[in-house]
1. With respect to A:ILE49, is the statement that it is over 23 Å from A:LYS15 (Cβ atoms) and within 29 Å of the chain's Cα centre (by Cα) true?
2. Could you look through region B:14-36, keep only residues that are within 21 Å of the chain's Cα centre (by Cα) and not basic (Lys, Arg), and pick out the one that is surrounded by the most Cβ atoms within 10 Å (Cβ to Cβ)?
3. Determine whether region A:61-82 contains at least one residue that is within 30 Å of A:MET159 (Cβ to Cβ) and either among the polar types (S, T, N, Q) or modelled with pLDDT under 95 (or both).
4. Among (1) more than 9 Å from chain B (Cβ to nearest Cβ); (2) of a type outside the set (D, E, K, R); (3) at negative phi, where does A:GLY278 come up short?
5. Can you name every one of the strands (runs of 3 or more DSSP E) wholly within region A:106-216 that holds 2 or more residues which are closer than 22 Å to A:PRO46 by Cα and of a type outside the set (Ser, Thr, Tyr)?
6. Hey, which of the strands (runs of 3 or more DSSP E) in region B:265-306, taking only ones fully inside, have at least 2 residues that are more than 19 Å from B:LEU413 (Cβ to Cβ)?
7. Which of the helices (runs of 4 or more DSSP H) contained wholly in region B:375-453 include at least 3 residues that are open to solvent by 30 Å² or more (accessible area, probe 1.4 Å)?
8. Among B:ALA338, B:ALA347, which is the only one that is crowded, with 23+ Cβ neighbours inside 10 Å and either in a strand (DSSP E or B) or touching a Ser or Thr at 6+ places or on another chain (Cβ under 6 Å) (or both)?
Protein chains: 2
Amino acid sequence: MKKIVIIGGCAAGPKAAAKSKRLNPDNIIELYTKEDMISYSACGLPYFIGGIVPNINDLSVRTPEQFEKSGISVFLNHTCTKILPDEKKVIFNNEKEVFYDELILCIGSNPIIPDIKNSNLKNVFNLKVIKDGINIKNAAIVSKSVLLIGAGYIAIELMEAFINNNLKIYVVEKHSSIMPFLDSDMSDIVYQNILKKAGDSIEFILNDEVVEFFGEDRFEGAITKNGVRINADFCVIAAGVVPNAAIAKDAGIEIGITGAIKTDNKMRTSVPHIWAAGDCTENIFIPTKQSVYLALGTIANKQARVAAINAADNKELGEIFDGVLGSTVTKFFDFSIAATGLSERKAFELRNYINIEPVSTFVEEYDKAGYMPHIGTLMIKLVADKRTGEILGAQALGTGDTDKRIGIVASALRANLTVNEFLHLDLPYAPPFSSTIDPLLTAAYKLKRIIDL
Amino acid sequence: MKKIVIIGGCAAGPKAAAKSKRLNPDNIIELYTKEDMISYSACGLPYFIGGIVPNINDLSVRTPEQFEKSGISVFLNHTCTKILPDEKKVIFNNEKEVFYDELILCIGSNPIIPDIKNSNLKNVFNLKVIKDGINIKNAAIVSKSVLLIGAGYIAIELMEAFINNNLKIYVVEKHSSIMPFLDSDMSDIVYQNILKKAGDSIEFILNDEVVEFFGEDRFEGAITKNGVRINADFCVIAAGVVPNAAIAKDAGIEIGITGAIKTDNKMRTSVPHIWAAGDCTENIFIPTKQSVYLALGTIANKQARVAAINAADNKELGEIFDGVLGSTVTKFFDFSIAATGLSERKAFELRNYINIEPVSTFVEEYDKAGYMPHIGTLMIKLVADKRTGEILGAQALGTGDTDKRIGIVASALRANLTVNEFLHLDLPYAPPFSSTIDPLLTAAYKLKRIIDL
């Protein structure tokens, strides 16, 4: 029997709590969160804002009552203010002391707030917790226009949500292209497709940064570095997140080069009896073995499972979490964007570090037999190492099924398949589902010819 | 420069012709078929019959004129009647002699015709070539009822097509379950879903066989072994296919234990300068290394590519085709059925032969975040070897995206991933596409617990 204290209430915390209780019902599990709600899908917030998910409570995965019922004590509105590893003690709200046998930190991330003058005006939001979602939705309902800072995954989902709210959207992105983690040829295609679909609804200001907000009390607009003046009714900053690791650092827990908590592959931190999972941790990127910071719900869930198993029974330490591929997907209406592994640009940057010679190919194909109705398109970029033939990454765009195809590449990446092995893949085929030779394999055939040159 | 003679006009033949011409435009390529059309999607025929594909010409991939234009000579209505390897000569229609440097046999398969009395009545069809599709469609339009013999992949697609034609459908299947290559627990689910969707439109007679047709001149009905009498306006026999290998056998080409032409992994037959690809060949089933017979369009295309490359340049013999996983998918309206690798039953049958201890798990999950609209269901069965932990196969059913998920398993099977490796798969996630932990991984977690017992 152990007392396991878990801090964090969004994805990793509740998962770790449920898992460690299930493993040994005698364990005392206490789950603390600074929020007034636990266990919800933050990834669903753009769909609540866009009206696809009608009720905010639909995003709740499990209520505090449900946790209590399964024997897990839940403490809302508890902000962790200090960790004292020598005494195996945590302090909440600067006063309440809680002892632990094992401590699992699932303390998440904080939104990046660019250095903007007057950033404390009202009607400037981030999208992180449930309350943010409600606030943004309330603003969207009564507004005509919005300024969106950032053009990454969440921003793309917010663009769809704001169009559903009939808003005029101004997007300021500091990079020269949207979705800057994609190769620029791929993000250009996304950009053109968004412009085509959105018409006058979206105006992009790329390669520029907001330096100042204006308005009295309430946000009324912004001015960029290049002097562009944007009038809008409210603003959402979706410029990414940074790990929330300060409290861990103060406690002497090792922080990695990404600024996130460093763990081993058992999700152990550098301090005995303290574990970490989710957005506060850094990961090993499998294709390069480098440390990376990726705040993704799937990763949080998997890490939490491993941390819980090992914390609940840390004699065996059987479970491992051995890294990530950075697989992602998002969509703008019916146009989806998915990726895994290395982009060509990233592969090129790292070519000497990991001793590779990146080559790539691009194909544009129908997503099913050409004579079937409701045909979608697929644009696939496949990246490999010319020296070994190994697949390094893939990006897929289009109205066809991009995400599962990227899943197929992720499976191949995980197993270090070469392009030559990959093109033999026996994928299921029928006319409503694919072409006889799936576009993924067409890309592999094309890439093989480049590798064989 | 070589003269390459290719026999077969559906999938493998045209693919081999196009590929061998592209590899070396100096090659003389002659493509012979017994049909009056070449290069069409036979897999699309059920969708033509069901009215999803309005025009039969939509199923044409390339016309003879297009082949001629790219320098490939096409000979329609040419039935190969003899192969004379010693003289490097083929005879068509018992009279026309054609010499070859390399011969690629893509002579396909023949429908299985069960031993039925009066089987030569009019209005009894198979579904193999374009003409069959047209004949069945013409019969469906003027009829009220149909007898379908067989309940495999093609039969399922025909059931949908016949419902679209407002027909009453009687299905006679000799096995005790439909789709008998699935595990019976999975095919039972398919069966219940078809019954639910089809209502009174379909009547299944399982565990029985048609022994006699009746009618004067025209088919009017059938009698089964168990004495069931079925009145129907026409009949389609969809009881599977057997390889068309007699002409090859007569020429001294080695036939494998499945009755199909045996090739090596370069698609070479046992006779020099004679190659084979497509439905006339047998394959190595990767999970067991056994010979299997699988008549599938994807396999035909891949084999044809390899045969063409090696035939066009048989000094190097660089390309290999190293086996199949038997990945398949079909659908009945919005309910799809996909599978790859070994079923549990097949694994159990082979357990001593390939030294495995099969274990399996079943999960039923939503196909995306539970709060999203248009949620589908996924029922996944995952089979693995308890001794090594290696994945052996998977079956997926439901209104969710089954085929690409089976593709992900196929990729893992190809790489011999264990369940423990598979459950780490970093699959892309966003609420419209999947649940945070994809149902595939939920199945893997569950199966791991069984393996670890």
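The values are calculated or read from the model by the stated rules, or taken from the named source; none is laboratory data. Predicted model only: the values in this text are computed from it and were never measured. Neighbour counts are summed over all protein chains in view; Cβ atoms, including those assigned to glycine, are modelled from backbone coordinates with ideal geometry. For the accessible areas, the whole protein counts, side chains as well, though only heavy atoms, and no ligand, DNA or RNA atoms are used. Shrake-Rupley method; radii C 1.70, N 1.55, O 1.52, S 1.80 Å.
1. Numbers: over 23 Å from A:LYS15 (Cβ atoms): yes; within 29 Å of the chain's Cα centre (by Cα): yes.
The answer is yes for A:ILE49.
2. B:ALA16
3. Yes, that holds for at least one residue.
4. (3)
5. A:109-111, A:124-126, A:145-149, A:168-173, A:202-206
6. Values: elements: B:274-276, B:283-285, B:290-292.
Output list reads B:274-276.
7. Working: elements: B:402-414, B:419-422, B:439-452.
Because the criterion is at least 3 residues that are open to solvent by 30 Å² or more (accessible area, probe 1.4 Å), the helices (runs of 4 or more DSSP H) in region B:375-453 that meet it are B:439-452.
8. Only one candidate passes the filter, namely B:ALA338.
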